[in-house]
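For reference, the structure discussed in these notes is given below.
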């Protein structure tokens, strides 16, 4: 089964939810890039205003001739659309593969409606010890954060740039991305709260209670999963 075709089907379905919105928040990543490319086909969307979660997304939107707002110029978001690295059956998500997790969570939290796009390969029963959660950490706190998490039994890896820049991956808000390995059967809410309580942590890539609609693409169609919004509901 083609994941590329499945993803495209889900992206096209997501576009239908955007045409009635005025201000649209947009995530970051390869699925979002496909979304922006396909949005070019909609004349109506060229009359909308967009908020970007990263410099990369802002540049892609501008190159496609969409109107990009400065986040300080608006106080509301009608719809937020993004992808996810993994989604469990409770519609909890791991995000941050593109290192834009802080801005993505900010836009999702304050949006009236959140739509996430994935292909079937990213839908899992539950997260496992093979999964890492990205954490956005102030540079001055990185070493202490890693040492503290290590004493609690967590494996931490500073993400490094694979191309064009030596050293750690730095987020759009200036943090260093540290990937923290999950434990099997972990209580995600407690884990997320524990990480966020550490001084120097900006945000985590665990998105809990932020899903309104998850569109799961398959080669022959799209499954619509509806979540129960518990964050900013």
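The values are calculated or read from the model by the stated rules, or taken from the named source; none is laboratory data. Fair warning: this is a prediction, and the values are worked out from it, not measured in the lab. For neighbour counting, all protein chains shown are included, and Cβ atoms are generated from backbone atoms with ideal geometry for every residue, glycine included.
Among the residues of the stretch 158-202, those that are assigned to a loop (DSSP other than H, G, I, E, B) and touching a helix residue (DSSP H, G or I) at 6+ places or on another chain (Cβ under 9 Å) comprise 171, 172, 173, 174, 175, 182, 183, 198, 199, 200. Candidates in the stretch 1-26 are the residues that are part of a loop (DSSP other than H, G, I, E, B) and touching a helix residue (DSSP H, G or I) at 6+ places or on another chain (Cβ under 8 Å); of these, the one that is modelled with the lowest pLDDT is 1.
Per the listing 65, 90, 130, the residue uniquely within 15 Å of residue 206 (Cβ to Cβ) and either part of a loop (DSSP other than H, G, I, E, B) or in contact with a strand residue (DSSP E or B) (Cβ under 8 Å, 6 or more places away or on another chain) (or both) is 90.
Being more than 16 Å from the chain's Cα centre (by Cα), in a helix (DSSP H, G or I) and modelled with pLDDT of 95 or more is the requirement here; does residue 141 meet it? So residue 141 passes the test.
Any residue at all in the stretch 109-116 that is assigned to a helix (DSSP H, G or I), closer than 25 Å to residue 204 by Cα and in contact (Cβ under 8 Å) with a residue 24 or more places away in the chain? The answer is yes, given that some residue of the stretch 109-116 is assigned to a helix (DSSP H, G or I), closer than 25 Å to residue 204 by Cα and in contact (Cβ under 8 Å) with a residue 24 or more places away in the chain.
The residue that is surrounded by the fewest Cβ atoms within 10 Å (Cβ to Cβ), counting only those in the stretch 87-108 that are within 10 Å of the chain's Cα centre (by Cα) and more than 13 Å from residue 27 (Cα to Cα), is 94. Taking the conditions exactly as written (within 20 Å of residue 85 (Cβ to Cβ), outside the structural domain of residue 170 (by TED's automatic domain parsing) and not in a loop (DSSP other than H, G, I, E, B)), does residue 216 satisfy them or not? It is true that residue 216 is within 20 Å of residue 85 (Cβ to Cβ), outside the structural domain of residue 170 (by TED's automatic domain parsing) and not in a loop (DSSP other than H, G, I, E, B).
Of everything in the stretch 27-53 that is in a loop (DSSP other than H, G, I, E, B) and out of contact with any strand residue (DSSP E or B) (no Cβ under 8 Å at 6 or more places or on another chain), the residue that is farthest from residue 118 (Cα to Cα) is 43. Checking the stated criteria, residue 101 turns out not to satisfy the condition of being assigned by TED's automatic domain parsing to the domain that holds residue 212 and free of Cβ contacts under 8 Å to residues at least 12 places away in the same chain.
Yes/no matrix, rows are residues, columns are (1) within 23 Å of residue 93 (Cα to Cα); (2) surrounded by 14 or more Cβ atoms within 10 Å (Cβ to Cβ):
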| residue | (1), (2) |
| --- | --- |
| 142 | no, yes |
| 149 | yes, yes |
| 162 | no, no |
| 167 | no, no |
| 176 | yes, yes |
| 188 | yes, yes |
